[in-house]
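Have a look at the structure below, then the notes.
The values are calculated or read from the model by the stated rules, or taken from the named source; none is laboratory data. Keep in mind it's a predicted model, so treat the numbers as computed, not measured. Quick reminder, even Gly has a Cβ in these numbers, built from the backbone with ideal geometry, and neighbours come from all protein chains shown. Only protein heavy atoms, including side chains, enter the accessible area calculation; ligands, DNA and RNA are left aside. Shrake-Rupley method; radii C 1.70, N 1.55, O 1.52, S 1.80 Å.
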Amino acid sequence: MCGIVGYIGPRKISDVLIRGLRSLEYRGYDSAGIAIMDKSEMYVVKEVGKVADLEALLETRPVSGTFGIGHTRWATHGGVTQVNAHPHEDLSSRLVLVHNGIIENYREIRKDLSSRREGTYKSETDTEVVAELLSSLYRGNMVEALTELQGLLKGSFALAILSRDDPDRIYCLRQGSPLVVGTTGKGETFCASDVPAILPYTQDVVYLDDGDMAELSREGMKFWNSRGEPIEKKISHIDWDVTMVDKGGYPHFMLKEINEQGAVLRNSMAKRIVDERVDLSAELPWTEEDVRGWKKLHIVACGTSYYAALTAERFLERITGFDIRVDVASEYRYRTISADRDTLAVFVSQSGETADTLAAERIVKSLGGRCLAVTNVIGSTLAREVDDILQLKAGPEIGVAATKTFMGQMAVLYLLAIYLGRLQGRVTREQERLWCRELLALPYKVESILQRQGELQEMAGLYTHARDFLFLGRGISYPIALEGALKLKEISYVHAEAYAAGEMKHGPIALLDPRVPVVVVTPRDALSEKTFSNILEAKARKAPVIAVATEGDESLDDTADRIFFVPSAAEEFSPFLTVVPLQLFAYHFARFLGCHIDQPRNLAKSVTVE
Ligand code: G6P
């Protein structure tokens, strides 16, 4: 969490930093700050609240200079105060830095420094201690000081540093938290926690690896490894463009991203379905022998990515012969895992930076399992650590609540399922043809739902008084109920819980009364009649029922209070359709309540600490 940006060059520094911070605000948004230097004059401006609040402050107190760094914070050590906001200086104000991550041993360092260095810390943060430690290590050569610093810090960190003794330079260090740098080659250089902050200026970037240090100047970038030895780094070309990181006329990124889902499906399938056959061989160098050698399939993820994994599990268990286990990464990493050479482990992570998912991947790797990342970010830590990658092709997702990447994850996991099933000899040509047709029809069906958003807006407006929602689904619709409830609670702060419909009688039914709407995901499938009984049970308790059902299904007409119909699809494919009205319902519901939709309180898009 937290977003870092840095710039050296001829543009107005505060504008570049503020623009960068805005595009990183999904990483943290409780306070923000910048430090700008002009030769050796240093100006630090910080404010509690969003980047817009910092921007307003800068209008009344403009600062200028030739190089600078900025930060948007998601508080960990120390409350949300102006003093705790970054950047932080050392005690003698020789240097100033911004930090993303957590320093686990900062208390010991602080104690040790207190016996040697005079002065009073201003903040409660671990970061201020890092600034002081670095200052104590600096003897005229920043790379040497940073090399030493790395050896002394425990935890995860990405740092960007300005020093009075080393003007016109920005130093960067990465250990465990992401950092990317880039230059236009025209006298300006950038660093940031994530590509969107740099994208308006260049599509050519360098991803720092753990232990890497960089020096940014007008002349360009220089790199060193953790031992302080100079290294060359590969430049990666990003195929995202700047229009992907603005709202494109939508009031919120979330709404824009929901509306992009037809395109995400098309992009996910392009070149991967050819002649009604799934072909992932360009990305996965697996032989039939490899696949037949894997007996176990583990899928590990967090949050929305976990629900995409649970959805795909239902399809995978039908069409492949693996012993499948799906788990949240924060649990998986501490359980007794039997993964070895006969295990294919799939790590699903939009950002590729989620700390728990990375830890789980490292465990499987150490046990000899084959690791595959399903991620949206090709330069992410996860992508660089695994054996194989399948990219989501969703484009950058800025709204904190994941929507289009969920769609992309399901698409990629379904393609993977079909591919694995075929290589295991369990999928007939005819079956594969039918599934490919189903997949290829999905973008049109999703778009037909998107054209009827008004219905969901109206529906959401009817329930704004509700303070609890129950979401129900069976079989393949259960993970969609989970995702629907997650979307609603994370952006509206209204309590929403999801249950497997058959579990309603084991507890949640006690909550039902006319004030608790029940959202039932019930596309026409082999289990919809069973779910119908649950609808009747909810109605008998006078709970309002909102159903997501299949077009042409008249069975709910006399029971559900509201029905949103989705186009019909083969039953394994209904999640691609049923999730869309739930995303839109959550969006409009939160909008009626006046919530900060793209940046819900307490949440961060990428959870880079445990
Ligand atoms: C955070 C985000 C969620 C996301 C989850 C996993 O909680 O707010 O939207 O689903 O992390 O993130 P990942 O990047 O690993 O998919």
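Brief remarks on what is shown
- Within region 82-112, the only residue that satisfies the criterion of being charged (D, E, K, R) and open to solvent by less than 10 Å² (accessible area, probe 1.4 Å) is D90.
- Test: residue in region 347-363 that is open to solvent by 20 Å² or more (accessible area, probe 1.4 Å), within 14 Å of the ligand (Cβ to nearest atom), touching a Cys at 6+ places or on another chain (Cβ under 6 Å) and not in a helix (DSSP H, G or I): yes
- Residue list for region 526-551, restricted to those being open to solvent by 10 Å² or more (accessible area, probe 1.4 Å) and farther than 22 Å from W435 by Cα: E529, K530, F532, S533, L536, E537, K539, A540, R541, K542, P544
- Of the numbered criteria (1) basic (K, R); (2) farther than 15 Å from A401 by Cβ; (3) crowded, with 21+ Cβ neighbours inside 10 Å, the one K505 fails is (3).
- Qualifying residue in region 155-163 (condition: part of a helix (DSSP H, G or I), open to solvent by 10 Å² or more (accessible area, probe 1.4 Å), free of Cβ contacts under 8 Å to residues at least 60 places away in the same chain and among the small types (G, A, S)): no
- Count - residues of region 270-295 that are farther than 24 Å from R433 by Cα and crowded, with 18+ Cβ neighbours inside 10 Å: 1
- The conditions of being touching a Gly at 6+ places or on another chain (Cβ under 7 Å) and assigned to a strand (DSSP E or B) are not met by A383.
- Qualifying residue in region 382-398 (condition: surrounded by fewer than 19 Cβ atoms within 10 Å (Cβ to Cβ) and either in the same structural domain as L512 (by TED's automatic domain parsing) or more than 27 Å from the chain's Cα centre (by Cα) (or both)): no
- Matching option when the condition is within 16 Å of the ligand (Cβ to nearest atom), more than 13 Å from A301 (Cα to Cα), open to solvent by 20 Å² or more (accessible area, probe 1.4 Å) and in a loop (DSSP other than H, G, I, E, B), among I378, I337: I378
- Note on region 14-32: among residues that are free of Cβ contacts under 8 Å to residues at least 60 places away in the same chain and aliphatic (A, V, I, L, M), the one that is surrounded by the fewest Cβ atoms within 10 Å (Cβ to Cβ) is I18.
- Every condition in (1) at pLDDT below 95; (2) within 27 Å of the chain's Cα centre (by Cα) holds for L153 except the one numbered (1).
- Single match in T189, T184 (criterion: hydroxyl-bearing (S, T, Y) and open to solvent by 10 Å² or more (accessible area, probe 1.4 Å)): T184
- For region 552-582, a tally of residues being open to solvent by less than 20 Å² (accessible area, probe 1.4 Å) and part of a strand (DSSP E or B) returns 2.
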